[in-house]
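The structure appears below as structure tokens.
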Ligand code: SF4
Ligand code: SF4
């Protein structure tokens, strides 16, 4: 990877210049679609942008200096992790990546959740602490199937490179693994029925309760970037073909991500929040089951051939 | 999967939200601000007497009475409406608009007195409704007395007393048929 390519990926596509507006678009789409399904009007499409600008202009709450470093630093780290994760996605066929970028991607995807746990405790609000505890517990439950699915993918493609995995032939392993990752999306995005950690109306907004102004704006942005990165990951790994042209890949990738946002919104609107035990049971039973099957099929490809 | 059919229905029907000038219809019998028909009021003051929040005040003057109402104090309980003997009060079918100043919506209505048929002095009006209610089955020669002022009424009863007790004449009968 040459330096120009790295900068292009980080700053233009699928990094900053593309990801931030798309993040706002996704946040808007989710809110609008949910509103329409609930018989409300919903916000105009520039609303997330206005929210961001307004939050940025707000006065900062004075806190002890170490606290404010934490409270501004954590959301910033989340935003950067989201951007870095996006830059790694093998969207077009001419992206090369490097050996081990899969591991890096998984790590970056986990950073926002980790930051939000830390932020919940750093904010010293009891709601933040309850939310952070829940986030930490959930992160253990969903990461088990998520990581197993990733391992299955990597094993069956015999590579830790995202491009190789994306280019590997479609099959049972890949389908099951991508399905498991899909299952993990709602909990990673903290939406219903797995909105346990930021449970609004129950513990205000969990780890983000004490955040306001620019800090909250950064959290919102980080959340939007998580949407872009996670839907993008599913599309990149789930889609077996590339058009070959840069613009074609871009169009397919963006539109499929938006479709995924709509599907997730339907799920979120149609369901109610589960208890943390129920969520954990779901992921350990179904998520784990699916990903284990994927892993076994990945390790012993003969089984799949035998079934066929 | 009933919830998803509900969501689909909502999606098809579009938002149920009403844009500003539109509003949800008020239910029947809604307790809005109190309104008065001054041509029915008899200045009896019952409404002011029952109003616990002091939103209605009735002040008597020489040739009219003042009915003062402050929606800012009113609790819209409807008590005044139910006690008014002549049904001069009713409640609007819409809620009162919001104001920063409680006095902004205050209303003052003047109820003019009518002249006494005997002495011509202004006197609180007596309406047909009340006469029909209070003087039911009373002889017409007594019924005309219902319109006279308080002073004339006192004079009248004193005269009657004198004629009975001093002159020994029979009292004007109640049912002079
Ligand atoms: S509605 Fe109730 S509170 Fe309002 S003026 Fe009448 S008696 Fe008073
Ligand atoms: S509004 Fe009714 S109750 Fe009030 S003073 Fe007039 S007649 Fe009496």
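So the values come out like this:
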| read-out | value |
| --- | --- |
| For residues of A:270-278, the mean tally of beta carbons on other chains within 10 Å | 1 |
| Peptide-level mean, for A:279-288, of C-beta atoms on other protein chains within 10 Å | 0 |
| Gyration tensor over alpha-carbon atoms, the protein assembly as shown, equivalent ellipsoid semi-axes in Å | 82, 23, 20 |
| Mean Cα-pair separation over length for segment B:83-135, i.e. relative contact order, pairs under 8 Å, 6 or more apart, % | 30 percent |
| Nearest-ten-degree value, helix A:47-56 long axis tilted from longest Cα axis of chain A | 50 degrees |
| Cα-based shape type of chain B, given that a ≥ b ≥ c are square roots of the gyration tensor eigenvalues and the cut on a/c is 1.5 | prolate |
| Relative contact order of chain B, pairs being alpha-carbon contacts under 8 Å that are 6 or more residues apart, as % | 20 percent |
| Ranked packing of B:90-100, A:195-205, A:250-260, most packed first, by mean Cβ within 10 Å | A:195-205, A:250-260, B:90-100 |
| Ranked B:74, B:119, A:236, criterion: other C-beta atoms within 10 Å, fewest first | B:119, B:74, A:236 |
| Hydrodynamic radius of segment A:200-308 per Kirkwood, over alpha carbon pairs, in Å | 17.7 Å |
| Rounded Å value of the spacing that divides the Cα centres of segment A:243-272 and segment A:33-73 | 24 Å |
| For peptides A:71-77, A:173-179, B:58-64, sequence by mean Cβ density within 10 Å, most packed first | A:173-179, A:71-77, B:58-64 |
| Euclidean distance between Cα centres, segment A:3-19 to segment B:1-74, Å | 61 Å |
| Using alpha-carbon coordinates, inclination of helix B:2-13 to the longest axis of chain B, degrees | 80 degrees |
| FRET efficiency, residue B:169 to residue B:133 (Cβ-Cβ, R0 22 Å, nearest 0.05) | 0.10 |
| Between segment B:77-94 and segment A:186-201, the Cα center-to-center distance that results, in Å | 52 Å |
| Most mobile of A:70, A:146, A:194 in a GNM of chain A (Cα contacts under 10 Å) | A:70 |
| Anisotropy class of segment A:139-198 from Cα gyration tensor, a/c 1.5 cut | prolate |
| Length-normalised contact order of chain A in % [C-alpha pairs under 8 Å, at least 6 apart] | 27 percent |
| Gyration tensor verdict on segment B:114-171 (Cα atoms; rounded if a/c is under 1.5, prolate if a/b is larger than b/c, oblate otherwise) | oblate |
| Helix axis angle, A:213-238 relative to chain A longest principal axis, alpha carbon, degrees | 10 degrees |
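Computed from the coordinates by the stated procedures, all read-outs in this text should not be read as laboratory data. Here the structure is a predicted model, which means the values were calculated and not measured. We place every Cβ from the backbone using ideal geometry, glycine too, and count neighbours over all the protein chains shown.
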